Amino acid sequence: MRAIRVDGYGGPEVLVPVEEPDPVAGDGEVVVRAEAIDTIFVETQIRAGWGEAFGITPPYVPGGAAAGVVVSTGPGVDPSWTGRRVLAGAGTRGTYAELVRTGVDRLVPLPDGLGPREAASLAHDGVTGIGIAEAAGITPGDRVLVLGAAGGMGTLLVQLAHAAGARIVGAARGEQKLALVKRLGADAVVDYTADGWTDDVREAFGGQPVDVLLDGVGGELGARAFALVADGGRVSAHGASSGGFAELDKESAQARDITLRGIADVQFGASDRVRLATKALTEAAAGRLRPVIAREFPLSSAADAHRAIEARSVLGKALLIP
C-alpha cells in the first residue's frame with residue numbers, strides 16, 4: 001500500500017511517500033480502506049519535533065483518523081463489519097495511508113447521508129469541540145469568545161455556541177476568515193492581529209466581560225484573552241497553534257472562581273471518543289453541524305497539506321485523499 005512516512009523530525013519535506021506492507025487485522029481489529037484522512041495542526045508540531053511529548057518517534061506514519069470502508073476483520077470481530085462505511089476514529093495511528101488498521105472499539109458507523117470527507121473532518125475536531133462545549137456548559141445569553149474561530153475546530157465551536165443561544169465574538173486573522181466566521185453564526189468578529197483587538201471584543205459585548213473563553217490559539221493571544229474573562233467564567237485553553245499553550249495564572253483563576261480547563265481535559269478515552277464522534281456525525285448528517293472543508297490534497301502531497309496548515313492559509317479543514 002501507499003503511505004506517508006517520517007524518518008526524522010523536520011519540515012514538511014520529511015513527509016515522504018513510500019510503499020509499506022498491507023496491514024493485517026489482529027485480535028479485535030479491522031482494516032479500513034481510507035477514502036478521506038483527517039489532518040490536524042498538532043500533527044505539524046509532532047513532525048517538527050514535538051513527537052516525544054506524544055509518544056511518537058521516527059520512523060512513523062503520521063495521522064490519527066480516517067473514514068472509509070472496512071475491508072477485513074481480525075479474530076474476535078463480527079465479520080458483518082466488512083463492507084461497512086466507518087470512521088476509524090481518534091486514537092487510531094498511522095492513517096496517512098491507503099489502508100488503516102484500527103481497533104473495532106474505535107469504529108463509528110457513518111450515518112446515512114454523510115460522506116467520508118465530512119466524517120473524517122469531524123474525527124478530531126468534532127469530538128474535541130463537542131467535548132469542550134459540553135464541559136463549558138454554554139447557555140443562552142452567555143458571552144462567548146472563540147479564539148482561532150476560523151480553524152477546523154473553531155468553526156465547529158462557533159456553530160455549537162450559536163446553537164446554544166450564546167452571543168459570540170469570533171477572533172481570527174484576515175478578512176476572508178472573519179467573513180467565514182460571521183457566516184457560521186458569530187454576532188461579531190475581530191482580527192487578533194490588529195492593535196487593540198481586546199478593546200474590540202469588549203465593545204462587541206457592550207463593555208461586558210466574557211463568560212466563556214474557548215482558546216484554540218494559546219500563547220500571548222490566549223493570555224490577553226484570559227484577561228477579558230469575568231469572575232466565575234469558564235475557560236478552555238486547549239490550543240497551541242501560536243507555538244505554545246497560553247500561560248495562565250491558575251491562582252488568579254481560582255481566586256476569581258474561573259473554571260480553567262486545558263489540553264489534558266480533552267484527552268478522552270476510547271468510549272468517550274466514540275460517543276462524541278457519534279454525536280458529531282449524527283448532528284452533521286442532520287444538517288445541524290457543518291464541517292468546513294477548505295482544501296483536499298492527494299495523499300502523496302501530504303507535505304503540501306502541512307505547508308498550507310502551517311501558513312494559516314486553510315479556512316477550516318484540510319483533508320488527504322488517497
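Each reported figure results from applying straightforward, stated rules to the coordinates on display, with no laboratory input. What you see is a predicted model, and the numbers here were worked out from it, not measured in a lab. Positions of Cβ are backbone-derived with ideal geometry, glycine not excepted, and every protein chain shown enters the neighbour counts.
State, to one decimal in nm, how far the label point of E220 lies from the label point of D22, with both points 7 Å from Cα in the Cβ direction.
It works out to 5.4 nm between the two label points.
Quick check: residue separation of A270 and T139 times 0.36 nm, minus the Cα distance between them. What number comes out in nm?
Length gained, A270 through T139: 44.4 nm.
Give, rounded to the nearest 20 debye, the magnitude of the charge dipole that region 125-266 has about its Cα centre when Lys and Arg contribute +1 at Cβ and Asp and Glu contribute -1 at Cβ. Let's see the in-between values first.
Working: 12 positive and 19 negative charges, 66 e Å.
It works out to roughly 320 debye.
Mark the label point 7 Å from the Cα of S300 along Cα→Cβ and return the residues of region 1-21 whose backbone N is within less than 12 Å of it.
2-3, 17-19
Would you mind telling me the antiparallel percentage of the DSSP bridges in the chain, rounded to 5? Intermediate values should be presented prior to the final figure.
On the way: 28 of 57 bridges.
Beta bridges within the chain, antiparallel portion: roughly 50 percent.
What net charge is computed for the residues neighbouring A255, neighbours being all others with C-beta under 10 Å from the C-beta of A255, Lys and Arg scored +1, Asp and Glu -1?
Values: positive: K250, R256; negative: D231, D249, E251, D257.
Once all neighbours under 10 Å are counted, the net charge is -2.
Given Cβ point charges of +1 (Lys, Arg) and -1 (Asp, Glu) and nothing else, what value in debye, to the nearest 20, does the dipole of the chain about its Cα centre take?
Values: 31 positive and 40 negative charges, 130 e Å.
In total the dipole reaches around 620 debye.
Quick one: Karplus J couplings for region 259-270, per residue in order, coefficients 6.51, -1.76, 1.60, θ = phi - 60°, nearest Hz, x for Gly and Pro?
7, 10, 10, x, 4, 5, 7, 10, 9, 7, x, 4
For I263 and Y9 in the same chain, what is the full-extension length gain: residue separation times 0.36 nm, less their Cα-Cα distance, in nm?
Numbers: separation 254, 0.36 × 254 = 91.44 nm, distance 2.29 nm.
Extra length from I263 to Y9 when fully extended: 89.1 nm.
Run the dipole for region 1-57 about the Cα centre, Lys and Arg Cβ at +1, Asp and Glu Cβ at -1, nothing else charged, and hand back the magnitude in debye, nearest 20.
On the way: 4 positive and 11 negative charges, 33 e Å.
Charge dipole, region 1-57, about its Cα centre: 160 debye, nearest 20.
Under 1.5 on a/c is rounded, so check that first for region 125-266, then, if it is not, pick prolate when a/b is larger than b/c and oblate when it is not; a ≥ b ≥ c are the square roots of the alpha carbon gyration tensor eigenvalues.
Working: a/c = 1.23, a/b = 1.17, b/c = 1.05.
Note, shape of region 125-266 comes out rounded.
Between R2 and R256, what is the label-point separation in nm under the 7 Å Cα-to-beta-carbon projection?
For the pair R256/R2, the computed spacing is 5.1 nm.
Got a sec to turn the phi values of region 39-47 into Karplus ³J(HN,Hα) couplings, 6.51 cos²θ - 1.76 cosθ + 1.60 with θ = phi - 60°, whole Hz, x for Gly and Pro?
So the J values, rounded to whole Hz, are 10, 9, 4, 4, 5, 5, 6, 4, 4.
Could you work out [θ]222 nm for the chain from helices alone, using -39500 (n - 2.57) per DSSP H run of at least four and dividing by all its residues? Round to the nearest 500 deg cm²/dmol. All intermediate terms of the calculation are to be shown ahead of the outcome.
Values: 10 runs with 91 residues, N = 322.
Using -39500 (n - 2.57) per qualifying helix, the result is -8000 deg cm²/dmol.
Which cross-chain or sequence-distant (5 or more) residues have an amide H under 5 Å from the amide H of F205, H modelled 1.01 Å from N in plane?
Hits under the 5 Å cutoff: none.
Going by a ≥ b ≥ c, the root eigenvalues of the Cα gyration tensor, does region 125-179 fall in the rounded group (a/c under 1.5), the prolate group (a/b larger than b/c) or the oblate group? Can you show the working numbers first?
Details: a/c = 2.45, a/b = 1.36, b/c = 1.80.
It is oblate, given that a/c is not under 1.5 and a/b is not larger than b/c.
Decide, for region 238-322, between rounded, prolate and oblate: order the square roots of the alpha carbon gyration tensor eigenvalues as a ≥ b ≥ c, take rounded if a/c falls under 1.5, and otherwise choose prolate if a/b is larger than b/c, else oblate. Spell out each step's value before the answer.
Values: a/c = 2.45, a/b = 1.42, b/c = 1.72.
Oblate, since a/c reaches 1.5 and b/c is not below a/b.
What FRET efficiency comes out for the pair S80/E203, r = Cβ-Cβ distance, R0 = 51 Å, nearest 0.05? The partial results should precede the final answer.
Numbers: r = 57 Å, r/R0 = 1.12.
Result of the calculation: an efficiency of 0.35.
Mind listing the phi-derived Karplus ³J(HN,Hα) values for region 83-99, rounded to whole Hz, using 6.51, -1.76 and 1.60 with θ = phi - 60°, and x for any glycine or proline?
Those phi angles translate into x, 7, 7, 9, 9, 7, x, 3, x, 5, 10, x, 8, 6, 7, 6, 10 Hz.
Read through the labelled values [x] 63, 44, 42; [y] 59, 39, 36; [z] 75, 56, 38 and report the label of the one computed as Cα extents along the principal axes in Å from the structure.
This structure yields the entry labelled [y].
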